[in-house]
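In what follows, a structure is listed as structure tokens, so that the remarks can point back to it.
The values are calculated or read from the model by the stated rules, or taken from the named source; none is laboratory data. Keep in mind the model is a prediction, meaning the values are calculated, not measured. Ideal geometry is used to build each Cβ from the backbone, glycine not excepted, and the neighbour counts take in all protein chains shown. Protein only, heavy atoms only, side chains kept; ligands, DNA and RNA dropped before computing areas. Shrake-Rupley method; radii C 1.70, N 1.55, O 1.52, S 1.80 Å.
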Amino acid sequence: MGNMLQQLVHPEPFPGLDGVPHFDTHYGFSGERKKREVPVSKEVMIAAKIPRVKRDYCVNFLIDLLACQRKKFPYTQNCRTELHKFDQCQYDDFVLRMKEYERERRLLAREYRKERAAKAAAA
């Protein structure tokens, strides 16, 4: 809701929700940024019967959690450490995605301001 309201109030462009960056991912960074990769191969995810919607950067923690829950069933509450690691990874992934979205939004706003200033200077 807040993002929709922001788009109505401010005419500046916003990044698309598809997650495709408009700018170079290394723009503004002095060194190389490490590319994020899924830590588990596709074959391992298929063997562990992980649904497609859960195949993200935290799938290794999910596999550990599900193995623990199968091993300790019906006392699955004993898998608190695995659950905590999985939840922390999900949270860190969410924060990183929001930081990337905000970076993209600020770069788009900067480009918009530069275009507006160039038009004002030309007129």
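General remarks:
- Residue satisfying condition, being touching a Leu at 6+ places or on another chain (Cβ under 7 Å) and either of a type outside the set (Lys, Arg) or modelled with pLDDT under 95 (or both), within set Glu111, Glu82: Glu82
- Residues of the range 9-24 classified as at pLDDT 75 or above and either more than 30 Å from Asn60 (Cβ to Cβ) or surrounded by 10 or more Cβ atoms within 10 Å (Cβ to Cβ) (or both), total: 7
- Within the range 17-74, considering residues that are under 20 Å from the mean Cα position of the chain (by Cα) and polar (S, T, N, Q), the one nearest to Gln90 (Cα to Cα): Asn60
- Taken together, the criteria exclude Phe61 from residues that are in contact with a Cys (Cβ under 8 Å, 6 or more places away or on another chain) and open to solvent by less than 60 Å² (accessible area, probe 1.4 Å).
- Count - residues of the range 75-123 that are open to solvent by 80 Å² or more (accessible area, probe 1.4 Å), under 22 Å from Thr25 (Cα atoms) and of a type in the set (Ser, Thr, Tyr): 1
- The range 22-123 holds helices (runs of 4 or more DSSP H) entirely within its bounds, and those carrying 2 or more residues that are touching a residue at least 12 places away in the same chain (Cβ under 8 Å), within 30 Å of Val9 (Cα to Cα) and among the aliphatic types (A, V, I, L, M) map to 80-122.
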